[in-house]
Amino acid sequence: MPFTRVYVPCGAYWTSPFCRWNKKFSRLHAIEFAAAVARRALGERGIDPTAFDSVFLGRTVPQPHSFYGTPWLAAMIGAPRSTGPTLAQACATSARTIASAAYEIEAGDRGSILCVTADRTSGGPRLAYPDPGNPEVIAKSEDWVWENIHHDPWSKLAMVETGELVAREQGIDRKEQEEVTLLRYRQYQDAVAQERAFQRRYMVEVDIDDANGIVADRVVGDVGVYPTTAQSLAALEPRVKEGTITIGTMTFAADGNAGLVLCDRERARALSRDPSVEIRLLAFGQGRVEKGYMPKAVVPATHEALARARLSIADLAAIKIHNPFAVNDVFFCRTFGLDPARVNRFGSPLIWGHPQGPTGMRATIELVEELVLAGGGNGLFVGCAGGDTAAALVLRVDTGR
């Protein structure tokens, strides 16, 4: 179903910087960290945390006490009477969190919802599953992050192997993957130009305290984005024997969080930093493809979301995709007949990393800001997810210009 009454107040969204795993955010509890960033962001935007009818939390990697999920997060941001669900849908968690909140607003059940997404892939937990007949004996253990990246229990494949299957089927060679990676890196340079002018529109600076509660470090931008050249990419070995994907043409695990407010039109105007800008969510879509071909799932998800929004790909002024592999980018652009330079302006997860839960929300926020700067138009976010699936969001920005 299309959305007709779901809005995003201009500026009522944010992200932390994203940090490559095992770097500056590696010891921060994902939910506590997200709450600290949300408190700061809401304060900077003059938004009262108690103004929300509900809070939704999206996350994929367990953290200590994450059993308490959203109620705990809400209390930490200053809304101890708020509650809501904790959601997870692998790499589609952001899109699912936004869509689930949007359905409640569309139905009239809620007038305003704060969506927060957060993950820390660093130090991913090793879970122990006791033997039900003998709880003192560990029957099975699982490295939550590492093992799931490298083994889908249905396809029996690592995620990178699904990229190789699509590359082989579609004839996407290493040269084409490296060319689109270089393009995405150049686009990211536009986001950090002029002292990160684009990123400063939405990114919250982060203070990291030492053991005594004294600020020991301030993180103002992404950490772990490697300089990328044609020469450096050419020197890398494929991740799979006789394959085409290298560590340079795939994303990296990261830590970070993001937040976004959804509400009805009246509240959006009241909370907006610029009431002349109207941001409306139009539709959500999802899709699944044949076993082991995850990168292809972005196509049926896009078709479903566009059909619900009653739009075509030609109606879009901006597109963002979650591209864990450059293969995704190439396949998507080929399928829809797009110039790759039209997609992922200002960078993408291929360059700034993948904390799983918040990845899609950051891409959606960048999509909104790109459209605001361009004077408005329709935009699409779509990204693949574990299990050969994908999810998509379509939105519209009107600026009055």
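In the range 251-401, what percentage of the DSSP-assigned beta bridges are antiparallel, given to the nearest 5?
70
Of the listed values (i) 1.33; (ii) 0.94; (iii) 1.20, grab the one calculated as Cα Rg over 2.2 N^0.38 Å from the structure here.
Read-out taken from this structure: (ii).
Enumerate the whole-percent occupancy of each 10 Å bin, from 0 to the last occupied one, for all C-alpha pair distances of the range 101-226.
Result, from short to long distances: 9, 17, 25, 31, 16, 3, 0 percent.
Between D339 and D190, what is the label-point separation in nm under the 7 Å Cα-to-beta-carbon projection?
1.1
For the range 57-137, which semi-axes, largest first and in whole Å, follow from the square roots of 5 times the eigenvalues of its Cα gyration tensor? Intermediate values should be presented prior to the final figure.
On the way: eigenvalues 168, 43, 35 Å².
Sorted largest first and rounded, they come to 29, 15, 13 Å.
Would you calculate a helix-derived [θ] at 222 nm for the chain, using -39,500 (n - 2.57) for each DSSP H run of n ≥ 4 and dividing by the full residue count, to the nearest 500? Write down the numbers at each step before the final one.
On the way: 12 runs with 135 residues, N = 401.
So the calculated ellipticity at 222 nm is -10500 deg cm²/dmol.
Could you work out how much longer the chain between L127 and R168 gets when fully extended? Use 0.36 nm per residue separation minus the Cα distance between them, nm to one decimal.
Details: separation 41, 0.36 × 41 = 14.76 nm, distance 3.52 nm.
Length gained between L127 and R168: 11.2 nm.
Report the relative contact order of the chain, percent, no decimals, based on alpha-carbon pairs under 8 angstrom and at least 6 residues apart. Kindly include the intermediate steps, with their values, before the conclusion.
Working: 957 pairs, mean separation 108.0, N = 401.
Rounded, it is 27 percent for the chain.
To make sure I understand the rule: partners must be lysines, Cα under 20 Å from the Cα of K140, and not fewer than 8 residues away in the same chain. Which ones qualify?
K156
How would you classify the range 287-390 from its alpha-carbon gyration tensor, with a ≥ b ≥ c the square roots of the eigenvalues: rounded for a/c under 1.5, else prolate if a/b is greater than b/c, otherwise oblate? Could you put the intermediate results ahead of the total?
Values: a/c = 1.62, a/b = 1.23, b/c = 1.32.
Here the range 287-390 falls in the oblate category.
Quick check: the distance between the Cα centres of the range 1-33 and the range 351-401, to the nearest angstrom?
First find each Cα centre; the distance between them is then 12 Å.
In whole Hz and in residue order, list the ³J(HN,Hα) couplings for the range 113-130 that follow from phi through the Karplus curve 6.51 cos²θ - 1.76 cosθ + 1.60, θ = phi - 60°; x for Gly and Pro.
Once θ is set to phi - 60°, the couplings for the range 113-130 become 9, 8, 9, 10, 10, 7, 8, 10, 7, 4, x, x, x, 9, 8, 10, 10, x Hz.
With a cut-off of 19 Å, note down the residues of the range 3-35 whose backbone N falls inside the zone around a label point 7 Å from the Cα of D210 toward its beta carbon.
Zone members listed by number: 24-28.
What full-extension length gain, to one decimal in nm, is calculated for W154 and A374 as 0.36 nm per residue of separation minus the Cα-Cα distance?
Details: separation 220, 0.36 × 220 = 79.20 nm, distance 4.26 nm.
The W154-A374 span can extend by a further 74.9 nm.
With only alpha-carbon atoms in the gyration tensor, what are the semi-axes of the equivalent ellipsoid for the range 322-369, in Å, largest first? Intermediate values should be presented prior to the final figure.
On the way: eigenvalues 70, 33, 14 Å².
Its equivalent ellipsoid spans semi-axes of 19, 13, 8 Å.
Can you bin the range 195-320 into rounded, prolate or oblate? Criterion: square roots of the alpha carbon gyration tensor eigenvalues sorted a ≥ b ≥ c, rounded for a/c under 1.5, prolate for a/b above b/c, oblate for the rest. Don't jump to the answer; show the numbers that get you there.
Working: a/c = 2.18, a/b = 1.05, b/c = 2.08.
Note, shape of the range 195-320 comes out oblate.
For the residue pair T83 and K175, what label-to-label distance in nm results when each label sits 7 Å from Cα along the Cα-to-beta-carbon direction?
Label at T83, label at K175, 6.1 nm between them.
Bin all alpha-carbon pair distances of the range 48-94 at 5 Å intervals from 0 and give each bin's fraction as a whole percent.
5, 24, 28, 22, 14, 7, 0
Every read-out reported here was derived from the displayed coordinates using simple, explicitly stated rules and does not represent laboratory data. Source: prediction; values computed, not measured. As a convention, Cβ positions derive from the backbone with ideal geometry for all residues, glycine included, and neighbour counts pool all protein chains shown.
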